[in-house]
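Bear in mind these aren't lab numbers, they're just calculated from the coordinates by the rules spelled out. What you are looking at is a predicted structure, and each value in this text was computed from that prediction instead of being measured. Don't worry about glycine lacking a Cβ; one is built from the backbone with ideal geometry, like all the others, and counts go over all protein chains shown.
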Amino acid sequence: MSDHDDLSGPDLATSSSGVPVDVLDGDIVGPRPGDTGGQGRLPRMAAALIGVGAVAVAGLLWLLGLGLLPAVLLGYVAFLVAFPVWSLAVENRRKATDRLVTVLVWTAFALAMIPLGSLIWTVVRRGAPAISVGFLTDDLSGRALIEGTGGIAMALAGTVLVTVIAAIIAIPIGVLTAVWLVEYGKGSRLATVITFLVDVMTGIPSIVAGLFAFAFFQVVLGAPLPRLAVGGGVALALLMIPTVVRAVEEMLKLVPDDLREASYALGVPKWRTIVKVVLPTAVAGIVTGVTLAIARVAGETAPLLLIVGTAYTTNWNPFDGAVSTLPTFIYGSLNRTGGQYGAAWTDAVWGAALVLIVIVMALNVVARVIGSVFAPKTK
Amino acid sequence: MAKSIDVSDVNIYYGDFLAVEGVNMTIRAKSVTAFIGPSGCGKSTVLRSLNRMHEVIPGARVEGKIVVDGQDLYAPEVDPVAVRRQVGMVFQRPNPFPTMSIYENVISGLRLNSKRMNKSTADGVVEKSLRGANLWNEVKDRLNKPGAGLSGGQQQRLCIARAIAVQPDVLLMDEPCSALDPISTSAIEDLIHELKSDYTIVIVTHNMQQAARVSDETGFFNLKATGEPGRLVEFNPTKKMFSNPDESATEAYISGRFG
């Protein structure tokens, strides 16, 4: 050991002294004198400097009478050209390419973020003023409108009711299907067929799920126009099951076979191995996947329009009567934004949209938190 | 507790593929038996057939008799789950349960089989098993920490503790040291020496020095030719095997002049 240390000591020293020391100081701008061999390095502020230059170019063009959009585009092109060219002059070809591609990737990212940012900004700006305690606790019955402000309580209740029914139906079916596919049916013909059908189900248009639920309850209840929350739950469950199966299947596949074998070797039967070893090991991913599936269906509109109808009062009875959910409320209220009380309806729509986005985001956050809480620990 | 194993005329198949052919041997109780041989010759397959673990792979089956304590493991009325309670196994890669603490890992064989026991009995089993696996002194202050946080060698000893906590008659080890460093390996080898007094141990190893160090008897497996099934070439006391083997193929393999 000590011999090795003695040998490596001076070795390291020479190599570290041989490496050229990086110049990161912000005050050195442009190529250094006598630096032609591609050994240089752009200052840290290079991107910002060129960015300022590009903005200046765009502003100048705008002042010269060019339209705003062409001016911004030309400024961007100036940035896209100048940055790699500067890099090519100071650094080398490989780094110049790297900088060019970095700029392009950031551009794609920014373009993708624009609609999202704009959507959230608009919904918050227009929806936030509408939100008040009354907005969340009142419904739209005549009494609420006379005595208070009126609000979306019935739609909140309906969203919770329909989503919970969908989850109660879809989670057991989805989880058990995935367990069967991974633990029992692996490689069998039936498993291949089921996997194919699940893939097909993933692609079902949501309106078709609504039609199925509508037709199903027409036959079961004998009513020409069934209106009930359970129907909405069935329609959403139909959309949720393939998502749950897929998510849980992937998580179960990640559980190493080593653990199953370890359990079998202890004389543990297969079903106990699944319940006590495989599922707990994968529980973080399973809960995350299921929560995301719930968030996904909570915002569904089309199937619910067919089967749950619209209501202006809170209806907690899942087996009878129309219920309102946030998406169907938003859709239904859009017809009324033009009339006498148009401004109030417009506010209500933006407010409801904000509440729906907050609910879905909250579910996503909950999924992440649960995922990290349940994840196996090593410390 | 420790029991001997009689293997007679065993053929092992994966589907239609005959992997191992015509194995006959007697594994003595309270001794260490090593299986050596080149990769793919069927050592691990034979080892896994001793507690019916190879059945985990779809299509795998065994012909012939494997008798432990007068009971044929492959008799139709025998439940493979019961066999595995009697014949424990330690794997090549340490595989403690990641969701469980050290304590829970040791006791998992009992807990997972929903054996009811009070706290003091459980504590006793955990301490005895960890002592048996030479791990007690290293982990006694952090029994509630996750088993996955231990070093590789400690994890492997944790797996051995887990296997002996259910008090099997036989302990199978499938290359238990191949993922470990020399210091951990020597700790496991010392442990095998101690466990010999209570258990019948069968170990598969690629390391011939290890076979010579730890085992009382050795079986040499080889393929007749590429594509042919594996077979047991020679089964003899380790001393004889490494000094004066009966077969020239064994001599060639042990001395490194193989093929």
The exposure ranking of A:VAL308, A:VAL103, B:VAL233, A:VAL200, fewest beta-carbon neighbours within 10 Å first, is A:VAL200, A:VAL103, B:VAL233, A:VAL308
Under 15 Å between alpha carbons, and skipping anything fewer than 8 positions from B:LYS115 in its own chain: which aspartates and glutamates qualify? B:GLU104, B:ASP123
Cα gyration tensor category, rounded, prolate or oblate, for the stretch A:203-327 with a/c compared to 1.5: prolate
Just rank A:ILE120, B:ILE164, A:ILE171, fewest to most, by other beta-carbon atoms within 10 angstrom. A:ILE120, A:ILE171, B:ILE164
Counting only DSSP loop positions in the stretch A:289-358, the chymotrypsin sites (Phe, Trp or Tyr not before Pro) whose Cβ has at most 15 other Cβ atoms within 10 Å are A:TRP316, A:PHE319, A:TYR341
For B:VAL233, enumerate residues with amide H under 5 Å from its amide H, sequence gap 5+ or separate chain, H modeled in the peptide plane. B:PHE220, B:PHE221, B:ASN222
Give the aspartates and glutamates reachable from B:LYS65 as a straight Cα distance under 12 Å; neighbours fewer than 8 places away on the same chain don't count. B:ASP6, B:ASP9
Considering every residue in B:164-172, what mean count of other chain Cβ atoms within 10 Å of its Cβ is obtained? 1
Assertion target for A:PHE109, B:PHE235, A:PHE83, B:PHE220, ordered by fewest C-beta neighbours within 10 angstrom first, is A:PHE109, B:PHE235, A:PHE83, B:PHE220
Can you bin every Cα-Cα distance in the protein assembly as shown into 20 Å intervals starting at zero and give me the percent of pairs per bin, rounded to whole numbers? 14, 29, 30, 23, 4, 0
Give the residue from B:PHE35, B:ILE201, B:ILE183 lying farthest towards the positive end of the charge dipole for chain B; charges sit on Cβ (+1 for Lys and Arg, -1 for Asp and Glu) and the dipole is referred to the Cα centre. B:ILE183
Where the Cα pairs of chain B fall when distances are cut into 10 Å bins, in %: 7, 30, 35, 21, 6, 1
How many nm is it between the label spots at A:VAL193 and B:MET25, if each spot is 7 Å from the Cα in line with the beta carbon? 4.5
On a 0 to 90° scale, report how tilted helix A:206-221 is relative to the longest principal axis of chain A, with both axes built from alpha carbons and the result rounded to the nearest 10. 20
The stretch B:89-157 - percent relative contact order, Cα under 8 Å, separation 6 or more: 53
Which shape class applies to the stretch A:188-270: rounded if a/c is under 1.5, otherwise prolate when a/b exceeds b/c and oblate if not, where a ≥ b ≥ c are the square roots of the Cα gyration tensor eigenvalues? prolate
For the stretch A:107-123, what does the Karplus curve 6.51 cos²θ - 1.76 cosθ + 1.60, with θ = phi - 60°, yield as ³J(HN,Hα) per residue in whole Hz, taken in order and with x for Gly and Pro? 4, 4, 4, 5, 4, 5, 7, 4, x, 4, x, 4, 4, 5, 4, 5, 5
Quick one: which of B:LYS3/B:LYS128; A:LYS186/A:LYS377; B:LYS43/B:LYS224; A:LYS377/B:LYS128; A:LYS270/B:LYS119; B:LYS119/B:LYS140 span more than 19 angstrom between C-alpha atoms? B:LYS3/B:LYS128; A:LYS186/A:LYS377; A:LYS377/B:LYS128; A:LYS270/B:LYS119
Please work out the C-alpha center-to-center distance from the stretch A:109-170 to the stretch B:128-190 and express it in whole Å. 56
On a 0 to 90° scale, report how tilted helix A:46-63 is relative to the longest principal axis of chain A, with both axes built from alpha carbons and the result rounded to the nearest 10. 70
When Cβ neighbours within 10 Å are restricted to other protein chains, what is their mean count per residue of peptide B:111-123? 2
GNM top mover of B:GLY153, B:GLY64, B:GLY15 - chain B, alpha-carbon springs below 10 Å: B:GLY15
Please compute the average number of Cβ atoms from other chains found within 10 Å of each residue's Cβ in peptide B:87-100. 5
Mind jotting down the distance between the C-alpha centroids of the stretch B:191-259 and the stretch B:34-92, whole Å? 19
For the protein assembly as shown, size of Cβ-based charge dipole, Lys and Arg +1, Asp and Glu -1, in debye: 1240
Mind putting a number on the dipole of the stretch B:5-254 about its Cα centre? Charges go on the C-beta only, +1 for Lys and Arg and -1 for Asp and Glu, and I need it in Debye to the nearest 20. 940
Percent relative contact order for the stretch A:123-194, counting Cα pairs under 8 Å at least six residues apart, stands at 19
Anisotropy class of the stretch A:119-187 from Cα gyration tensor, a/c 1.5 cut: oblate
Between the DSSP loop rule and a limit of at most 14 other Cβ atoms within 10 Å, which trypsin sites (Lys or Arg not before Pro) in the stretch B:170-259 are left? B:LYS224, B:ARG257
Tell me which of A:TRP180, A:VAL124, A:GLY285 sits at the most positive position along the dipole axis of the protein assembly as shown, charges placed on C-beta atoms (Lys, Arg +1; Asp, Glu -1). A:VAL124
Most fluctuating residue of A:ILE330, A:ILE165, A:ILE274 in a GNM of chain A with Cα springs under 10 Å: which is it? A:ILE274
Taking springs between alpha-carbon atoms closer than 10 angstrom, which of B:ASN11, B:ASN95, B:ASN51 fluctuates most in the Gaussian network model of chain B? B:ASN95
Please compute the Kirkwood hydrodynamic radius of the stretch A:37-128 from all pairs of different C-alpha atoms, in Å with one decimal. 15.0
Under 12 Å by backbone N from the virtual spin label 7 Å along Cα-to-Cβ at A:ALA128, the residues of the stretch A:78-122 are A:121-122
What number, in percent, do you get for the relative contact order of chain A if the mean sequence gap of Cα pairs under 8 Å and at least 6 apart is divided by its residue count? 18
Taking N as the number of residues in chain A, what is its alpha-carbon radius of gyration divided by 2.2 N^0.38 Å? 1.44
Amide H within-cut-off set for B:ALA34, under 5 Å, with H built and near neighbours excluded: B:ILE203, B:ASP216, B:GLU217, B:THR218, B:GLY219
